[in-house]
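Only one structure is covered here, and it is reproduced in the block below.
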Amino acid sequence: MRPGVRVGTDVTAIPDVLASMTRFGDRYLDRVFTPHERASCAGPPAVAAAGLAARFAAKEAAVKVLEPAPDDARPPWRSIEVRRRPSGACHLELSGEAARLASRAGINELALSMSHEGSVAIAVVVALPDAPISDD
Amino acid sequence: MDDRIRDVLSEHARLAIDVADLGDDVDLYQAGMTSHASVNVMLALEDAFDIEFPEHRLGKRRLEWVTAIRTALTELNKGSG
């Protein structure tokens, strides 16, 4: 079967993330975000929440691309990490169960775009096929 | 146990329907629970029942229905007992 491009998208409400930070504190942050992601979103809670909401959307968009079967374990949130380069550009790095699902699907590379405006953060993830798509 | 599960869902799942009207086998995601709300449900269940959901066993179906939550909590309580 010819490999295809997969696209996933997700939106996350920034006030919801801020409310979870307030209600559950480090338990919430440690469960969902990696140390790198938390460091990338350092700042006052309201500012941090916007970046973290975009990262949560990225993780959910990636899960949609990875397409776990209903009975598969859900990839732990921290097994899908948004890495920020010095330039400010971000990309995804997978580990554990997320990496296993990507390998099973023949996905070698994921492209990521995130944004936020007002109370909403959004992310789009595109999985590029292993082999070039031809017209054959 | 069910009353406490429903209390957690009422406070954290942000369902589009009244939890009192929620059947045991209604899909919570179809009823409006977002993925982010499911994180809050998981953490609040841990607080309410003094357990911890192991990440490697947290498939989406573990929190999909009231019956699935009840089963997961029962298994975790047995495991810690």
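The values are calculated or read from the model by the stated rules, or taken from the named source; none is laboratory data. None of the values given here were measured: they were computed from a predicted structure. Because the Cβ atoms are built from the backbone with ideal geometry, glycine has one as well, and the counts that use them run over all protein chains shown.
Assorted remarks:
- Residues that are farther than 16 Å from A:ALA61 by Cβ and facing chain B (nearest Cβ under 9 Å), drawn from region A:10-31: A:ASP16, A:ALA19, A:SER20, A:ARG23, A:PHE24, A:ARG27, A:TYR28, A:ARG31
- Contacts under 6 angstrom Cβ, first residue in region B:1-14 being part of a helix (DSSP H, G or I), partner of a type in the set (Gly, Ala, Ser) and surrounded by fewer than 21 Cβ atoms within 10 Å (Cβ to Cβ), 6 or more apart: B:ARG4/B:ALA48; B:VAL8/B:ALA44; B:VAL8/B:ALA48; B:HIS12/B:ALA44
- Set A:SER119, A:SER103: member being over 10 Å from the mean Cα position of the chain (by Cα), over 19 Å from B:GLU55 (Cα atoms) and within 14 Å of another protein chain (Cβ to nearest Cβ): A:SER119
- Tally, over region A:90-100, of residues that are within 14 Å of chain B (Cβ to nearest Cβ) and closer than 15 Å to A:PHE56 by Cα: 1
- From the list A:ARG23, A:ARG55, A:ARG31, the one residue that fits, being in a helix (DSSP H, G or I), charged (D, E, K, R) and within 10 Å of the chain's Cα centre (by Cα), is A:ARG55.
- Screening A:ALA121 on (1) in a helix (DSSP H, G or I); (2) of a type in the set (A, V, I, L, M, F, W, C); (3) surrounded by 21 or more Cβ atoms within 10 Å (Cβ to Cβ) shows it passes everything except condition (1).
- Of all the criteria given as (1) farther than 23 Å from B:ARG14 by Cβ; (2) not in a helix (DSSP H, G or I), the one not satisfied by A:ALA98 is (2).
- Identity of the residue in region A:80-111, small (Gly, Ala, Ser) and surrounded by 19 or more Cβ atoms within 10 Å (Cβ to Cβ), that ends up nearest to A:ARG55 (Cα to Cα): A:ALA98
- For region B:23-58, the set of residues classified as more than 13 Å from the chain's Cα centre (by Cα), surrounded by fewer than 14 Cβ atoms within 10 Å (Cβ to Cβ) and assigned to a helix (DSSP H, G or I) consists of B:HIS56, B:ARG57, listed by residue number.
- Qualifying residue in region A:35-44 (condition: in contact (Cβ under 8 Å) with a residue 60 or more places away in the chain, crowded, with 20+ Cβ neighbours inside 10 Å and charged (D, E, K, R)): no
- The set of residues from region A:42-65 being more than 12 Å from chain B (Cβ to nearest Cβ), in contact with a helix residue (DSSP H, G or I) (Cβ under 7 Å, 6 or more places away or on another chain) and among the aliphatic types (A, V, I, L, M) comprises A:ALA42, A:ALA46, A:ALA50.
- In this entry, B:GLU75 is excluded by the filter for residues that are modelled with pLDDT of 80 or more, closer than 15 Å to A:PHE24 by Cβ and surrounded by fewer than 18 Cβ atoms within 10 Å (Cβ to Cβ).
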